[in-house]
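See below for the structure under consideration.
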Amino acid sequence: MRRILLMACLAGALGAQAPHRILAVERKGLPPYEVADRIYRLEGGQDRGLRVGHRLAFRHPGEARTLGHFRVVEVRATEAEARFEPIGAAYPLKGDLACREDLAGLPVLALPEPGPIPVPVQPDRPAGPPPQEGVIFFLPQRADLSPAGHQKLKTWVEAWGAPGRWVVQVPATKALKPTLQKQRTESLLAGLRELGIEHPVVETDPRTADGKYDPAWIRHWD
């Protein structure tokens, strides 16, 4: 009986994940445009729990077949931007759907017998809202910001506001030499300072993202 209840709960959670409709298809960077240069603007962002790095299935309305996947690269309050990872020859268009699959594949486990209700421990302070976040890609073995990278920084500063806490995150990896990591970090710090961000902070915590180019993240807390 408990196993049936858990399956019902999971089915309800999956059903509650409404798809994100594609609002627009944009091309960024300089011609010639490649598949990686296409950015898909999705309906729903932080208000629907999207985070940078989330992977969404691409489907046509009314169809259950997955034709590819989106990788979220920027999240705003009510919209998000994603890059497309194709499976076949089909490509998304405005009005197609990006569907959440976060709970797919969870094992069905028996619920434990109910026990005493523990007394909750009050945290020292309440958890704050998640940061606003965007990703910038560097070309292999390059540390300079492209014109598109500068424009991204400018757009984020204008949208999020200069006050608050700004963080530059350039994760350390085995493939990234420390010298190149430092140069990329300095490029991002310099770009933010040019836009009026006086004291951006650096983080190098491990983090991964799929794609052809090396990612770095810009994070902002109000």
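Quick look at the numbers
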item: Packing-based order for 176-184, 91-99, using average beta carbon neighbours within 10 Å, highest first; result: 91-99, 176-184
item: Filter on Lys152/Lys182; Lys152/Lys174; Lys94/Lys177 - keep pairs with C-alpha separation over 31 Å; result: Lys94/Lys177
item: Highest average packing first - 195-204, 133-142, 17-26, 73-82, Cβ atoms within 10 Å; result: 73-82, 133-142, 17-26, 195-204
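Taken together, the values in this text are just the output of simple stated rules run on the coordinates, not laboratory data. Since we're looking at a predicted model, the values are computed, not measured. Heads up, the Cβs are rebuilt from the backbone with ideal geometry, glycines too, and the neighbour counts pull from every protein chain shown.
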